[in-house]
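Engineer: Below is the structure I would like to discuss, written out as structure tokens.
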Ligand SMILES: *Cc1c(COP(=O)(O)O)cnc(C)c1O
């Protein structure tokens, strides 16, 4: 059996090696390292793929979130609601900008932000909601957009984990994740579903004015060279990363299908095992359409809940059996030292507080084979049974 990796970037690279190597050499030959034609081409190709009017490339997914919030003109004191169960980048940028993060609990089935909890957290100071499409499954965007409209709030989708995923609305229409809210951010960190070979990120929006504002912000607040109209940042995608992304974008759908297929095989093997709750395949989304060919979950992570089991002992056991795994995420954001706030009440985070003890993410990437999946699932089942 091939050695199991949490993410097999090398294996994926082998399939696109010639194209990638040649493109990277071409960029070096051209010496157009920053804002070169490759970045512009990638931007256009991603706009076409997503069906969104504007993609603004930037340096990483954390910057993308920050710049999106700056572009919307959010000001210190404004409250921004986001999920307690996510990667810290989301709450970090809210705090960095002097905005007030308001963390709310998540849904135990989808792991995504709980819409009722969002509703209850809205105050006259609330300006935005940041749903995270956690692990690659779209948050309940129909309900979130309706709530935002009712209260005149912005919706910023953190789509770092959901690129290429679909969302099916109640009316049956299909949209790509990251094109539904007022603005969205994504990350091209190497292990993300569309990863480059360094850091990278982008902002998406259908709003022409906001796109213009954001293009200036990522470039030192310049709209005309050496005229600084607003306080901006320096956040760019370089041409070498853009050319790698151009080589990978045509394969994104196949990559996501391979992830869904691996997820399906995992869940099939875990069927009927009492102490394991497998992740949804995106059934909530599927209910809204008649066909099952929806990429509603693109499985950035395949995350189990293990019951009546010492999760940390399972992690250790898998490591001993040379099966890498991850715990995303082990600590609720509201309990992190940097984000503690006396306004929080533990009773408002019962789901997150439970999930952090039960979740375990298994190897998930485009190169998993059946032999590896069998070995992984049998090892997990033997331990929890
Ligand atoms: C990866 C990630 C980010 C940050 O992206 P970087 O490119 O690493 O800055 C933000 N939010 C979520 C949910 C992520 O998974």
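Engineer: Provide the packing ranking of 192-199, 221-228, 180-187, 342-349, i.e. peptides ordered by the mean count of other C-beta atoms within 10 Å per residue, highest first.
Structural biologist: 180-187, 192-199, 342-349, 221-228
Engineer: I need the Debye-formula profile for segment 18-103: one equal scatterer per C-alpha, no solvent, reported as log10 I(q)/I(0) at q = 0.20, 0.26 1/Å, two decimals.
Structural biologist: Ignoring solvent entirely, the Cα scatterers give -0.96, -1.21.
Engineer: Now, a different point. What translational diffusion coefficient, to the nearest whole µm²/s, does segment 251-384 have by Stokes-Einstein, given a Kirkwood radius computed over alpha-carbon pairs, a temperature of 10 °C and 1.306 mPa s viscosity?
Structural biologist: Translational diffusion coefficient: 97 µm²/s.
Engineer: Arranged from highest to lowest average of other beta-carbon atoms within 10 Å per residue, in what order do the peptides 351-361, 57-67 appear?
Structural biologist: Top to bottom by mean Cβ count within 10 Å: 57-67, 351-361.
Engineer: Turning to a different aspect of this structure: What ranking do 127, 10 get, fewest neighbouring Cβ atoms within 10 angstrom at the top?
Structural biologist: The most exposed by this proxy come first: 10, 127.
Engineer: Also: Per-residue ellipticity at 222 nm for the chain, helices alone: DSSP H runs ≥ 4 residues times -39500 (n - 2.57), over residue total, nearest 500 deg cm²/dmol?
Structural biologist: -12000 deg cm²/dmol
Engineer: Let me ask you something else. When the chain is treated as a GNM, springs tying every alpha-carbon pair under 10 Å, which of 32, 211, 139 comes out with the largest mean-square fluctuation?
Structural biologist: Sorting by GNM fluctuation, first place goes to 32.
Engineer: Right, here's the next one. Viscosity 0.890 mPa s, temperature 25 °C: give me the Stokes-Einstein translational D for the chain in µm²/s, with Rh taken as the Kirkwood radius over C-alpha pairs.
Structural biologist: Translational diffusion coefficient: 114 µm²/s.
Engineer: Nearest 5 is fine: what % of DSSP beta bridges in the chain come out antiparallel, could you say?
Structural biologist: Around 60 percent of the beta bridges assigned by DSSP in the chain are antiparallel ones.
Engineer: Give me 377, 213 sorted ascending by neighbouring Cβ count inside 10 Å, so fewest comes first.
Structural biologist: Lowest to highest Cβ neighbour count: 377, 213.
Engineer: Next question, about the same structure. Give me 114, 274 ranked fewest to most by other Cβ atoms within 10 Å of their Cβ, as a rough exposure proxy.
Structural biologist: 274, 114
Engineer: Can you give me the Cα centroid spacing of segment 39-111 and segment 134-194 in angstrom?
Structural biologist: Here the two parts' Cα centres lie 11 Å apart.
Engineer: Still on this model: Please report the relative contact order for segment 251-384, taking Cα pairs under 8 Å with a sequence separation of at least 6, and give it as a percent rounded to a whole number.
Structural biologist: Here the relative contact order equals 36 percent.
Engineer: Taking only the alpha carbons of segment 48-163, what extent do you get along each of the three principal axes, in Å, biggest first?
Structural biologist: If we take the Cα atoms of segment 48-163, the spans are 36, 34, 26 Å.
Any read-out appearing in this document is the output of simple, stated calculations on the displayed coordinates, not a laboratory observation. Keep in mind that what you see is a predicted model, and the values were worked out from it rather than measured. With ideal geometry, Cβ positions are generated from the backbone for all residues, glycine too; neighbour counts draw on all protein chains shown.
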